[in-house]
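Below is one structure, written out as structure tokens; comments come after it.
No lab work stands behind these numbers, since they all come straight from the coordinates. Predicted model only: the values in this text are computed from it and were never measured. Reconstructed Cβ throughout: ideal geometry from the backbone, glycine too, with neighbour counts over all protein chains shown.
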Amino acid sequence: EAAELGKGSFKYAWVLDKLKAERERGITIDIALWKFETPKYYVTVIDAPGHRDFIKNMITGTSQADCAILIIAAGTGEFEAGISKDGQTREHALLAYTLGVKQLIVAINKMDTTKWSEERYQEIIKETSNFIKKVGYNPKHVPFVPISGFNGDNMIEASTNCPWYKGWEKETKSKSTGKTLLEAIDAIDPPSRPTDKPLRLP
């Protein structure tokens with residue numbers, strides 16, 4: 001179906017992008033929910049738009065999250081555009097932190113387009129660490145996971161394409177390590193809910 005519209009590479013995005021306009025333009029416009037189970041948690045993914053025209057929808061989705069997964073494109077030019085002064089990557093990290101999402105996972109996507117370059121991975125970690133630190137996140141608490149979403153690489157099972165990759169580390173109360181995005185999701189610290197307090201409705 002995606003290929004018929006000349007958007008074959010968007011086939012997985014279409015799982016959550018249901019609106020006609022989203023599919024035609026190749027961007028997420030509205031938030032979408034998707035549930036799945038990990039070995040440790042029941043997870044609800046809130047897919048939020050990355051496009052600046054739909055930042056209002058992104059805020060709606062992000063304000064409900066316990067942890068943000070910042071997807072960064074490793075492709076040449078794509079990463080640089082995202083972290084430029086007016087880039088969306090920078091803005092999304094700031095909004096997530098401002099909205100009270102204090103846990104972050106950085107998924108460095110499209111690593112296949114860089115031929116799984118360790119140099120590119122390290123460059124992105126360095127640049128991203130700098131700007132998320134300015135926003136308020138501690139880079140030592142953030143897993144940086146190299147992935148290829150299109151190929152499903154390093155998402156659930158460790159990739160064989162990056163022998164140099166020793167895994168991510170997260171230095172919070174309980175130090176955790178892992179290799180895949182799924183393991184990073186399982187390393188999220190469940191937030192404490194004030195269930196002993198009176199009910200408040202906004």
Item to check | Karplus (6.51, -1.76, 1.60) ³J(HN,Hα), θ = phi - 60°, over the range 76-89, in Hz, Gly and Pro reported as x | outcome: 4, x, 5, 4, 4, 5, x, 9, 5, 3, 9, x, 6, 4
Checklist entry - Out of residues 5 or more away from Ala73 or on other chains, whose amide H comes under 5 Å of its own, with H placed 1.01 Å from N in the peptide plane? => result Asn109
Checklist outcome for this item: So for the range 93-202, using the alpha carbon gyration tensor with a ≥ b ≥ c as root eigenvalues (a/c under 1.5 gives rounded; past that, a/b versus b/c decides prolate or oblate), I'd call it prolate
Checklist entry - Between Asp189 and Val135, 0.36 nm times their residue separation minus their Cα-Cα distance comes to what? => result 17.4 nm
Next on the checklist: Only counting other Cβ atoms within 10 Å, I'd like Lys110, Lys133, Lys85 sorted with the fewest neighbours first.
Outcome noted: Lys85, Lys133, Lys110
Checklist outcome for this item: Sorted by chain and then number, the residues having a modelled amide H within less than 5 Å of the amide H of Asp153, at least 5 places away or on another chain, are Ser148
Next on the checklist: Using Cα-Cα distances under 8 Å and only pairs 6 or more residues apart, what relative contact order does the range 82-202 have, in percent?
Outcome noted: 23
Item to check | Whole-Hz couplings from phi, Karplus 6.51/-1.76/1.60, listed for the range 182-191; x for Gly and Pro | outcome: 4, 5, 5, 5, 5, 8, 5, 7, x, x
Item to check | Filtered trypsin sites (Lys or Arg not before Pro), the range 134-202: DSSP coil and at most 11 other beta carbons within 10 Å | outcome: Lys166, Lys173, Lys175, Arg200
Checklist entry - Amide H of Glu169: which non-local residues (sequence gap of 5 or more, or other chain) have their own amide H closer than 5 Å, using H built in the peptide plane? => result Phe144
Next on the checklist: I'd like the Karplus ³J(HN,Hα) series for the range 96-106: coefficients 6.51, -1.76, 1.60, θ = phi - 60°, whole numbers in Hz, and an x wherever there's a Gly or Pro.
Outcome noted: 4, 5, 5, 7, x, 8, 8, 10, 9, 10, 9
